[in-house]
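This report refers to the structure that appears directly beneath it.
The values are calculated or read from the model by the stated rules, or taken from the named source; none is laboratory data. Just so it is clear, the model here is predicted, and its values are computed rather than measured. Ideal geometry is used to build each Cβ from the backbone, glycine not excepted, and the neighbour counts take in all protein chains shown.
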Amino acid sequence: MGVCEFHMVYVVVQMAPPAALHMQGQEPLTASMLAEAPHQEQKHMLGERLFPLIHGMYPDMAGKITGMLLEIDNSELLHMLESRESLKAKVSHSTLLLTYSLLALSIGNEVCGKL
């Protein structure tokens, strides 16, 4: 097909089980624990706890969504771990951004194919 290809985007919303700040095998994450760690380690600690929760909602996009959310301030990420509604809202927003990006690529590829 060359450089321009057509891509279709399907979004499936799945209900996830209730969130738990306490992940099995991990101690609860606190602001003081984060403060003691270097910045990159903080993001890693947050990502380890966010990924399973996001995977429960969007298994196929969990890695990408987690990466997007890790760009957010750590205090807001901690809030998302404590508030299931806050996490759901940010994850929903992220999936919309991903969907729109893929749709824009799809339209661009379609137009490019007609040139």
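Looking at the structure I just gave you, is Gly2 on the phi > 0 side of the Ramachandran plot and either surrounded by fewer than 14 Cβ atoms within 10 Å (Cβ to Cβ) or at pLDDT 80 or above (or both)? Criteria met by Gly2.
Of the residues making up the range 51-109, just one is in a helix (DSSP H, G or I) and touching a Gly at 6+ places or on another chain (Cβ under 7 Å), namely Thr66. With respect to the stated conditions, Leu29 fails to be assigned to a helix (DSSP H, G or I), of a type outside the set (Gly, Ala, Ser), more than 23 Å from Tyr100 (Cβ to Cβ) and at pLDDT 60 or above.
Name the one entry in Ile107, Ile65 that is β-branched (Val, Ile, Thr), exposed (fewer than 14 other Cβ atoms within 10 Å of the Cβ) and at pLDDT 70 or above.
Ile107
Selection of the range 53-86 for residues being touching a residue at least 40 places away in the same chain (Cβ under 8 Å), in contact with a helix residue (DSSP H, G or I) (Cβ under 8 Å, 6 or more places away or on another chain) and more than 24 Å from Pro38 (Cα to Cα) yields Met57, Tyr58.
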